[in-house]
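What follows is one structure encoded as structure tokens, with my remarks underneath.
Derivation of every value follows stated rules applied to the coordinates shown; laboratory data play no part. All figures in this text were calculated on a predicted structure; none of them were measured in a lab. Note that each Cβ is placed from the backbone with ideal geometry, even for glycine, and that neighbours are counted across all protein chains shown.
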Ligand SMILES: Cc1cc2nc3c(=O)[nH]c(=O)nc-3n(C[C@H](O)[C@H](O)[C@H](O)COP(=O)(O)OP(=O)(O)OC[C@H]3O[C@@H](n4cnc5c(N)ncnc54)[C@H](O)[C@@H]3O)c2cc1C
């Protein structure tokens, strides 16, 4: 009898969770499982701001995929997905094609620039390990250049966006700048760090008291917030910003980081799936509407929070829970036992936003936490993600074990 073929696209939080759960749930003879990813490693997207700021080496944020998959059950293909041809039940890769019976699309998200001129060309996005390496090197280069030509614009850094990613990056950056100043013999007073946010608040959706804690801490460490201020254009010199109807002003900067929006992977729209900013509003079983064999999870999917009738923000937490749900349902489907599928219900365990390695804010199990306690919780959350994929050996190899900082 032919075994059903399950193909998982993307080895991020959602895709890898689906794969490791499937390899536990299904026997070798029950299904062929194929995992496809651009690189031969998985990276912790939620740690990329650390690698970008240079506070954590990029090798600490990634691990080899073959270390966590069971090769007797899962075939790993390193390749780039270009398009999904759903009528033909196949996936077009840069170097070939793969057919499937069941497909899990977990290709993550991309930076959303909202059509703002120059952002694609002149700003960096904290997107993956290669981007993080480039950002770290670029900031270093700017500091080194200052010592040669004394142009203070090299020491000016603009972060676009005061959401989760922007604030976490600022937390790391403000810890890294004193080290950089020491390394390049620079007076720290010469360094300027701006955070420009179009919305009227920092960290929308977070508790106001916690937001106040975060902004006060970052301001103390040198961040100048420009809230309710939109980036109109990014140029090689910096960013043009405007508050309300005011005339745009130029903030000169040697480094611009764009951290203000996420859209679904470009493969979604290229494949002709109905989407909102590249994200597919999936059904209650996380399937592409109208399809019974294509599941979409993580940043390329959109699930509505019925309580407020708005989409859940794209997070690693939801991507991993979706991966678990899809794996359970795929085990039922491949066995053909006609068991009822399980609907996806998000269990929000809370959110912690780091403010560097030594401070954080968060709400965990309904309780507000700040400072060391929150930072400890953040490291536990990071370690938990490793544990869920690779158990204790992975935590010991890659985990954040400096819990007392
Ligand atoms: C700096 C930062 C901090 C964050 N902090 C948090 C946090 O604290 N908590 C939280 O819950 N969320 C956080 N997030 C959001 C979280 O990282 C994402 O929501 C999560 O990674 C989404 O998981 P995913 O499985 O959809 O995609 P990802 O984990 O991004 O994985 C996608 C995978 O697909 C691969 N891929 C992409 N395109 C292709 C292609 N064409 N072909 C083959 N492979 C491809 C990628 O290489 C990657 O391995 C943060 C994000 C950032 C950027």
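So here's what we get for this one:
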{"read-out": "Residues being within 12 Å of the ligand (Cβ to nearest atom) and either without any contact (Cβ under 8 Å) to a residue 40 or more places away in the chain or not in a strand (DSSP E or B) (or both) - total across region 287-300", "value": "4"}
{"read-out": "Residue ranges of strands (runs of 3 or more DSSP E) in region 45-157 with at least 3 members within 16 Å of the ligand (Cβ to nearest atom) and in contact (Cβ under 8 Å) with a residue 40 or more places away in the chain", "value": "74-78, 81-85, 102-105, 109-111"}
{"read-out": "Set 202, 158: member being farther than 22 Å from residue 352 by Cα and buried (at least 17 other Cβ atoms within 10 Å of the Cβ)", "value": "158"}
{"read-out": "Residue among 248, 188 that is without any contact (Cβ under 8 Å) to a residue 60 or more places away in the chain and either out of contact with any strand residue (DSSP E or B) (no Cβ under 7 Å at 6 or more places or on another chain) or within 16 Å of the ligand (Cβ to nearest atom) (or both)", "value": "188"}
{"read-out": "Residue satisfying all of: in region 288-314; closer than 17 Å to residue 327 by Cβ and more than 22 Å from the chain's Cα centre (by Cα); surrounded by the fewest Cβ atoms within 10 Å (Cβ to Cβ) among these", "value": "292"}
{"read-out": "Test: residue in region 346-353 that is touching a helix residue (DSSP H, G or I) at 6+ places or on another chain (Cβ under 9 Å), part of a helix (DSSP H, G or I) and touching a residue at least 60 places away in the same chain (Cβ under 8 Å)", "value": "no"}
{"read-out": "Residue that is farthest from residue 228 (Cα to Cα) [pool: residues in region 193-210 that are part of a strand (DSSP E or B) and in contact (Cβ under 8 Å) with a residue 40 or more places away in the chain]", "value": "194"}
{"read-out": "Pair list, Cβ < 8 Å and 6+ apart or interchain, from region 312-335 residues that are without any contact (Cβ under 8 Å) to a residue 60 or more places away in the chain to residues that are assigned to a helix (DSSP H, G or I) and within 13 Å of the ligand (Cβ to nearest atom)", "value": "312/318; 318/298"}
{"read-out": "Residue in region 27-44 that is nearest to the chain's Cα centre (by Cα), counting only those that are within 20 Å of residue 331 (Cβ to Cβ) and part of a loop (DSSP other than H, G, I, E, B)", "value": "31"}
{"read-out": "Yes/no for residue 21 being in a helix (DSSP H, G or I), more than 12 Å from the ligand (Cβ to nearest atom), surrounded by fewer than 19 Cβ atoms within 10 Å (Cβ to Cβ) and in contact (Cβ under 8 Å) with a residue 12 or more places away in the chain", "value": "no"}
{"read-out": "Any hit, region 346-369, residues being under 24 Å from residue 162 (Cα atoms) and over 24 Å from the mean Cα position of the chain (by Cα)", "value": "yes"}
{"read-out": "Residue within region 176-185 that is surrounded by 21 or more Cβ atoms within 10 Å (Cβ to Cβ) and in contact with a strand residue (DSSP E or B) (Cβ under 6 Å, 6 or more places away or on another chain) present", "value": "no"}
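Quick grid of which residues meet (1) within 16 Å of the ligand (Cβ to nearest atom); (2) part of a helix (DSSP H, G or I):
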| site | (1), (2) |
| --- | --- |
| 337 | no, no |
| 356 | yes, no |
| 382 | yes, yes |
| 394 | yes, yes |
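Yes or no, residue by residue, for (1) crowded, with 19+ Cβ neighbours inside 10 Å; (2) within 19 Å of residue 35 (Cα to Cα); (3) within 14 Å of the chain's Cα centre (by Cα):
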position: 102; (1), (2), (3): yes, yes, no
position: 150; (1), (2), (3): no, no, no
position: 163; (1), (2), (3): yes, no, yes
position: 169; (1), (2), (3): yes, no, yes
